[in-house]
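The values are calculated or read from the model by the stated rules, or taken from the named source; none is laboratory data. Small disclaimer: the values here were computed from a predicted structure and weren't measured. Here the Cβ positions follow ideal geometry from the backbone for every residue, glycine too, while neighbour counts run over all protein chains shown.
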Amino acid sequence: MKIVAANWKMNLTRSEGLALTDAIVKGMSSVKDVKVILAVPYPFLAEVGERIKDVRNLHLAAQNCHHEESGAFTGEVSAKMLRSFGAEYVILGHSERRVQFVEKCRTIRVKMEVAIANGLSPIFCFGESEEQRMKGNHWKAVKGQLSLGPNMLTEDEVRKVIVAYEPVWAIGSGLTATADQAEEMHKHVRSVLYSRFRELANEIPILYGGSVKPSNAAELFSQPDINGGLIGGASLVAEDFLAIVKA
Ligand code: PGA
């Protein structure tokens with residue numbers, strides 16, 4: 001089953017977020033065989049969770065969590081708290097966190113372990129920068145992030161993980177990787193996961209993220225190694241997001 005995840009990032013007020021949720025819930029009645037995940041800001045979790053809890057194939061996610069289980073970390077939120085508010089997934093290692101909040105591969109790997117130990121499925125994000133692609137270092141960059149991320153987990157842990165290839169130059173820029181560019185990278189990702197997990201690698205969903213829109217979603221999602229998408233900007237408009245889900 002394909003997976004389409006919405007990443008609202010730091011957008012929307014309470015009333016806007018709930019209206020968007022209601023529109024998505026309504027649209028889900030005509031969606032078949034797609035798992036849809038809504039990654040909402042922390043304050044939305046309880047109310048959005050309440051609205052989607054009985055909707056088939058609609059799931060709740062957070063956009064980050066702390067790498068410690070609990071304690072004196074003012075302003076932070078733990079994986080256990082997220083689970084207790086109904087979240088099933090958590091985005092970890094998004095490039096905005098890696099760059100703006102200087103999150104290192106090791107911290108992201110620990111966050112994945114803590115998330116899994118507390119019943120959450122990580123959506124592990126990775127991808128090369130524009131500079132790395134220009135210099136031809138994108139294969140190595142992606143391999144490095146995967147090697148220090150999911151490939152450090154146990155087989156039991158990695159069964160819970162979704163990975164999301166998000167070339168940094170494509171995020172929010174309007175520039176999308178072509179279906180061919182994305183597919184060839186997804187094949188590479190699969191082979192890096194295969195080097196560690198063998199056949200199990202074929203069961204790990206690999207999403208594409210970076211300026212996915214209703215106009216390019218169908219072509220991207222038709223590629224054999226693209227198992228779905230992680231959608232930022234276009235997930236804030238119900239009509240666009242639902243069009244992507246239906247693609
Ligand atoms: P975008 O964001 O769809 O706006 O490019 C994707 C993401 O950052 O997850």
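For the reader, a short list of remarks on this structure follows.
- Applying the criterion of at least 3 residues that are closer than 20 Å to Ala115 by Cα to the helices (runs of 4 or more DSSP H) found wholly in segment 142-247 leaves 155-158.
- Residues within segment 162-188 that are within 11 Å of the ligand (Cβ to nearest atom), buried (at least 17 other Cβ atoms within 10 Å of the Cβ) and not charged (D, E, K, R), tallied: 9
- In segment 190-217, the qualifying residues are those that are of a type in the set (A, V, I, L, M, F, W, C) and within 16 Å of the ligand (Cβ to nearest atom), and the one that is surrounded by the fewest Cβ atoms within 10 Å (Cβ to Cβ) is Ile206.
- Breaking point among (1) away from the ligand (no atom under 13 Å from the Cβ); (2) closer than 18 Å to Phe124 by Cα; (3) in contact with a helix residue (DSSP H, G or I) (Cβ under 8 Å, 6 or more places away or on another chain), for Lys246: (2)
- Neighbours by Cβ (under 8 Å, 6+ apart or cross-chain): first from segment 197-214, within 13 Å of Ala177 (Cβ to Cβ) and modelled with pLDDT of 95 or more; second assigned to a helix (DSSP H, G or I) and among the acidic types (Asp, Glu): Lys213/Asp240
- Near pairs, Cβ below 6 angstrom, 6+ apart or cross-chain, from segment 170-187 (free of Cβ contacts under 8 Å to residues at least 60 places away in the same chain and farther than 19 Å from Gly144 by Cα) to any residue that is within 16 Å of the ligand (Cβ to nearest atom) and of a type in the set (Asp, Glu): Ala179/Glu219
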